[in-house]
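Only one structure is covered here, and it is reproduced in the block below.
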Amino acid sequence: MRLNKKRIRQRFSRAAATYDNQAVIQLKVAHRLLELLKEHIAATPERILEIGCCTGLLTARLHRMFNTASTFYINDLVAEFQATVADRLDHDPRLFFLPGDIEQLDIPRNLDLIVSSSTLHWLEDLPAFFRRLSTTLAPGGTLCFSLYGAGNLAEVREITGLGLDYYSRGELQTLVAESLEVLACEEEEIALYFDDPLALLTHLRQTGVNALDPSPWTRSRLRHFLREYTERFGSGGQVRLTYHPLYCIARRKS
């Protein structure tokens, strides 16, 4: 479905105060992404760009991991996250915030490392974006990212019909390999369990992940969703929600 960047920005902005408490999957994915990065990065980077920093959960860990870097460029669609991230990193003068749609912004060049976690699935033209990143990386520079695959939030899609056009792992690896040397590409499925579908909807709203839904939740729509979700995906007094992260590490050839 066609993305509405204005709505995405609004939903994530509204979720700012609750994101850290609800983003258990995003934090788990960020941890795994940094583990892969440690395994494959060739040298300590000097110039780093993070795309989609949100409240800075990954940013803070990246900052500690590469604390000798000279420059951290930090991007997010939500400009208001700048203050949150700056506070989290004690207003480090090496931080340069790049607010706005990364598909439209001028990206700094000669970057040693570009990192993005749980963000790039929100882009409109991922193939063109990878081609662009391959020119902004320095020779030997590393691209390290996670996004979500075809099984992501499958339960919600089955009932509402709403969902992104996700890539499979194989499709993603082929796509990245057109512009960069792929060092690692893997996937996993992670299930979260909630006491009821209403708690699940609260989780989605408080992380901004409900940004695809343009329609108001009428009482009849809500009753239908709660009933159908419980019947199809309930077991043992709980309901399931599936996340499907994909991880990729790639390098610009020297």
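The modelled label-to-label distance for the pair residue 230/residue 87, using points 7 Å beyond Cα in the direction of Cβ, is 3.9 nm. Restricting the GluC sites (Glu not before Pro) of the stretch 46-146 to loop positions (DSSP other than H, G, I, E, B) with no more than 14 neighbouring Cβ atoms within 10 Å leaves 80, 124. Largest first, the residues 244, 40 sort by 1.4 Å accessible area into 40, 244. Find, among the chymotrypsin sites (Phe, Trp or Tyr not before Pro) in the stretch 15-108, those assigned to loop by DSSP (not H, G, I, E, B) with at most 11 other beta-carbon atoms within 10 angstrom. Answer in residue order: no site qualifies.
Element breakdown for the chain at a 1.4 angstrom probe: carbon and sulfur atoms account for 47% of the accessible area. Only lysine pairs 8 or more places apart, or on different chains, with alpha-carbon atoms under 28 angstrom apart are counted in the chain, and they number 4. The charge dipole of the chain, taken about its Cα centre with unit charges on the Cβ of Lys, Arg, Asp and Glu (plus for the first two, minus for the last two), comes to roughly 440 debye. Here the stretch 97-112 is scanned for amide nitrogen atoms under 16 Å from the site 7 Å beyond the Cα of residue 13 along Cα-to-Cβ, giving 99-102. Mean residue ellipticity at 222 nm, helices only, the chain: -11500 deg cm²/dmol; runs of at least 4 DSSP H residues each add -39,500 (n - 2.57), and the sum is divided by the number of residues.
Going through (1) 1.02; (2) 1.10; (3) 0.95, the figure that equals Cα Rg over 2.2 N^0.38 Å as computed for the structure here is (1). Each of 164, 191, 201 was scored by the projection of its Cα onto the charge dipole of the stretch 158-245, and the greatest displacement toward the positive side belongs to 201; charges sit on the C-beta of Lys, Arg, Asp and Glu. Quick one: go through the stretch 97-138 and flag any residue whose amide nitrogen is under 15 Å from the point 7 Å out along the Cα-to-Cβ line of residue 178. Residues 124-135 qualify, since their backbone N sits under 15 Å from the label point. Protein heavy-atom accessible surface, 1.4 Å probe, per residue over the chain: 46 Å². Stretched out straight at 0.36 nm per residue, the stretch from residue 217 to residue 43 would grow longer than its current Cα-Cα span by 57.7 nm. Annotation for the stretch 61-158: trypsin sites (Lys or Arg not before Pro) lying in DSSP loop with at most 12 further Cβ atoms inside 10 Å of their Cβ are 109.
The residue list 95, 31, 142 was ranked by how far each Cα lies along the charge dipole of the chain toward its positive end, using unit charges on Cβ atoms, and 95 comes out on top. The packing ranking, built from the mean of other Cβ atoms within 10 Å per residue, places the peptides 194-203, 134-143, 234-243 in the order 134-143, 194-203, 234-243, highest first.
The values are calculated or read from the model by the stated rules, or taken from the named source; none is laboratory data. Please read all numbers here as calculations on a predicted model, not as lab measurements. Backbone-built Cβ (ideal geometry, glycine too); neighbour counts: all protein chains shown. Accessible surface areas use protein heavy atoms only, side chains included; no ligands, DNA or RNA. Shrake-Rupley method; radii C 1.70, N 1.55, O 1.52, S 1.80 Å.
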